[in-house]
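Structure record follows, encoded as structure tokens.
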Amino acid sequence: MITKIRLKNWQTHIDSSFDFSEGINALLGVMGSGKSSVLDAISFAFFGTFPAAQQRRIKLDNVITDLFTKHDNAKVTLEFEKDNKKYEIKRKIDRKKSSTSELRCNGLLIESPASQRVTERIEKILSVDYNTFSQVVYCEQNKLDQFLQIPRGQRMKKIDELLKIDRFETARSNIVSLKNRISKSTKELEIHTASLKEVIQSKDLTTLKSEIDTIAFKIETFSRHLNEIKEKRDILQKETETLQKKKTIYDLQKNREIAVHSRIDQITKELANYTNVDDVQSYTQEFIDTQTERLNSVLKTQKSLEKEITILEEKINTYTTNLNSENERLNVLESKRPEIEKLKDTDKTIENIKTKIEALQKEEAGIISKMDDSTQSITTLEKSDANCPTCDTHLNTEKKSIIIKEKKDQIDRLENSLVIINKEIKSEKEKMAENESKKRELLKYINLERDILEKADTIKKINSELKTLKTKLDESITIFSKDKIKKIEQEIRRFETTKTILRHLQEKKQLEEEKKQIRINLDELKFKPEQLETKRTEFNAHDKLYSTDIVQLRSHQEIYLEKTKNLSVLEKQAKLVNDNELKIENMKDIIPELERFKIVLESTQIMLREQFIETINNIMDDLWTSIYPYKDYTGIQISVDEGDYILKLRNQDETWMNVEGTVSGGERMTAVLVLRIAMSTILAPGMKMLLLDEPTHNLDRKAVEELAETLRTKVSDIVDQVFLITHDEAMEAAVTGKLYRLNRGENKEDVTEVIEV
């Protein structure tokens, strides 16, 4: 049983809530007031869709209302009870995101957020799927007689689909198709098997096997011969590679021997250019290096002193020039010295001004606070029921006017005081800015004086250092005269020549030793170039023979593989023939079994239809006597006529009359209502409810009154809950549960207003 539903931004409902009870619940209102959208919301809450959306008469996004403003989403919340458990369903449609859903049982979340999973869970709880709900429980507008609206010849098919016994028809159709496919496959397999037999019979398997054995013997014999040739070829290849390595070493040694001999001749010629070769041989390399280093050190010391003196002279010139410029600035500084001395007084003046400004700003804040209090008091007093702000007693009009005037006079005085204080603050800030500017200017001159004194001290230090270096230079010049320096340079050049001679002699000695060793290496190698050529020729001959023979071997192997492959194919074909003959026999046995199964399916379908007719007729017969209040018709049934269902009523003469014939509108409506209740009882026993949208369509006043009476007195005793959507106020008489009136203005921007009656 549904107990409550809430719609937010759903079609014309911005935020509507409905509480429902057992019995007949009704929503009353004119066309377009938002009644049917409540039933759509119930269907959507249970199954995530409703007939108009399922049939694509409306897009799901279009149920999100655009009234007042374009909303981003719509929400439906439905509460229902089943088997003493309370369930709550929440579904949300979003313009930009996927729909989300959740299902709770007794407050606990049992499924979320996938809409399909929630729907599957609800279908298990209710034991009803959407297809059954939409065709049996939910009666759309003008479709209470939906059964009669189905064209003759299609009713049995539609009800078979509801009963889900249309699957038997599909199965029988599939069996016929399967029989045809098996018969066709059997014939094709017989033709293919006969063709394979002809191929196998045209081949001589014994001869083919003999040919394969002969070729296999040839391959084995040829392989042994080829292995012997390969072994000899491999030995020759290794010997050739060994000789090739020796030749590489031999060539390297011979080339080096020629290079060494050439270098020895070159060194001998270079030594012939020197006259003192025999004399320098008594010198050692260490002695020459020591003497050369000592002489170079003397020259280096002399040049270093000269360089330092030059750098210092350039520095002293630069600093002297700068000092002259700074002295001019120093003269300007001297004229400012009395003011510099007063710098401490300036700092004290700035601090005093800061203190005075802070005091004035505090006074300014106090005045502003008093003005705010007075303004607030005036606002409070101007109210009709104001009390005295001091003693909290009630004020009459005269006293209130006097106090307000006093407060305004006080504000005027405070504003005058505020103007005076602002002028004082501005004046003091100007004085402080003037003193701070003077302080910055004096600090500049103080920094200038410090800079000049530091530079003067630096110049004194450089002059002292320069004097010391000049003294050292004079001493060095005394010790090393120009002639002596010249002799030192000549001695250095002589030692360099001696080093060159010694280096040549050492290299010549090493080369002669290397020449002897190369000769020894060549003798030990025992290699003659003609040996390599002889061995290479022998290897090439065997390699060519091996290549020729291996081509012949591969030719034999290819023939062997081809014949072996042919033999394998023939053997597989022979096996396939045997397998196919067995398969053909089995397939021929299946066809009679399928025919018998088809007959069983047809019998089962007929039996289920008969059981359905018997069951629904029994239920309708019981319902008819309870619901139909008159004696004109004593019974109701569904019967089969010309292969389709017909709804009939039994008159007092025990004659069965077609409902689509001469019966009145009220009787016809009662008949289809009984049929729908019976079908919902059979196909949706887990819900025990009906959703009726405008069931009075095309009914006259008497038929409407009869339907209301039937629903109120009879149907509510059979079905737990009925939801009635109607614009006909006469249907109020049917209500046994909740009744709501839905109103909506004529403007397109108006929303639904819900009033519980």
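The values are calculated or read from the model by the stated rules, or taken from the named source; none is laboratory data. Computed from a prediction, not measured in an experiment: that's the story for all the values here. Backbone-built Cβ (ideal geometry, glycine too); neighbour counts: all protein chains shown. What goes into the accessible areas is simple: the full protein's heavy atoms, side chains included, and nothing from ligands, DNA or RNA. Shrake-Rupley method; radii C 1.70, N 1.55, O 1.52, S 1.80 Å.
Here are some notes:
- Low-density loop cleavage sites - trypsin sites (Lys or Arg not before Pro) in the range 693-755, where at most 14 other Cβ are within 10 Å (DSSP): Lys748
- Residues with amide H under 5 Å from that of Leu690, placed H, sequence gap 5 or more: Gln721, Val722, Phe723
- Counting only lysines at least 8 places from Lys247 when in the same chain, those with an alpha carbon closer than 23 Å to its own are Lys232, Lys238, Lys515, Lys516, Lys526, Lys528, Lys535.
- Hz values of 3J(HN,Hα) by residue in the range 48-58 - Karplus curve (6.51, -1.76, 1.60), Gly and Pro given as x: x, 7, 8, x, 4, 6, 5, 8, 6, 7, 8
- Debye, to nearest 20: dipole size of the range 1-132, +1 on Lys, Arg Cβ, -1 on Asp, Glu Cβ: 400 debye
- Summed residue charge, Cβ within 9 Å of Thr726's Cβ, Lys/Arg positive, Asp/Glu negative: -4
- For Ile110, residues with placed amide H under 5 Å, excluding near neighbours: Leu103, Arg104, Cys105
- For the set Lys218/Lys575; Lys85/Lys164; Lys209/Lys575, the pairs lying more than 27 angstrom apart at their alpha carbons are Lys218/Lys575; Lys85/Lys164.
- The chain, accessible area per residue, ligands and nucleic acids excluded (1.4 Å, Å²): 61 Å²
- The chain: antiparallel DSSP beta bridges as a percent of all, rounded to 5: 75 percent
- Taking a ≥ b ≥ c as the square roots of the eigenvalues of the Cα gyration tensor, an a/c ratio of 1.5 or more together with a/b no larger than b/c marks the range 602-721 as oblate.
- Counting only residues at least eight positions apart within a chain, or on another chain, the aspartates and glutamates with an alpha carbon under 17 Å from that of Lys467 are Glu306, Glu308, Glu313, Glu314, Asp457, Glu475.
- Subtracting the Cα-Cα distance of Glu211 and Asn73 from their residue separation scaled by 0.36 nm leaves 41.3 nm.
- Residues whose amide H comes within less than 5 Å of that of Lys143, counting only those at least five positions distant or on another chain, are absent (H built at 1.01 Å from N in the peptide plane).
- Extension gain, Lys461 back to Thr713 (0.36 nm per residue minus Cα-Cα distance, nm): 77.9 nm
- HN-Hα J in Hz across the range 584-592 - Karplus 6.51, -1.76, 1.60, θ = phi - 60°, x for Gly and Pro: 4, 5, 5, 5, 5, 6, 6, 4, x
- Whether the range 694-745 is rounded, prolate or oblate, judged on the alpha carbon gyration tensor where a/c under 1.5 counts as rounded: oblate
- Estimated Rh, the chain: Kirkwood, alpha-carbon pairs, angstrom: 44.4 Å
- Computed from the C-beta positions of Lys431 and Asp373 and an R0 of 35 Å, the FRET efficiency is 0.60 to the nearest 0.05.
- The phi-based Karplus calculation (6.51 cos²θ - 1.76 cosθ + 1.60; θ = phi - 60°) puts the 3J(HN,Hα) values of the range 103-109 at 10, 10, 10, 6, x, 9, 6 Hz, whole numbers, x for Gly and Pro.
- Percent RCO, i.e. relative contact order, over the chain, from Cα pairs under 8 Å lying at least 6 residues apart: 28 percent
- Shown here for the range 540-648: GluC sites (Glu not before Pro) in loop regions (DSSP other than H, G, I, E, B) with at most 16 other Cβ atoms within 10 Å, namely Glu642.
- Three-way shape label, the range 123-253, alpha-carbon gyration tensor, a/c 1.5: oblate
- Taking the 1.4 Å solvent-accessible surface of the chain as the whole, the part contributed by carbon and sulfur is 49%.
- Checking every one of the GluC sites (Glu not before Pro) in the range 666-757 against DSSP loop status and a limit of 16 other Cβ atoms within 10 Å picks out Glu746, Glu749.
- Nearest 10 degrees, 0 to 90: helix 36-47 Cα axis against the chain principal axis: 60 degrees
- In the chain, excluding the sites themselves, the longest stretch lacking any of the chymotrypsin sites (Phe, Trp or Tyr not before Pro) that are in a DSSP loop with at most 13 other Cβ atoms within 10 Å is 69-629.
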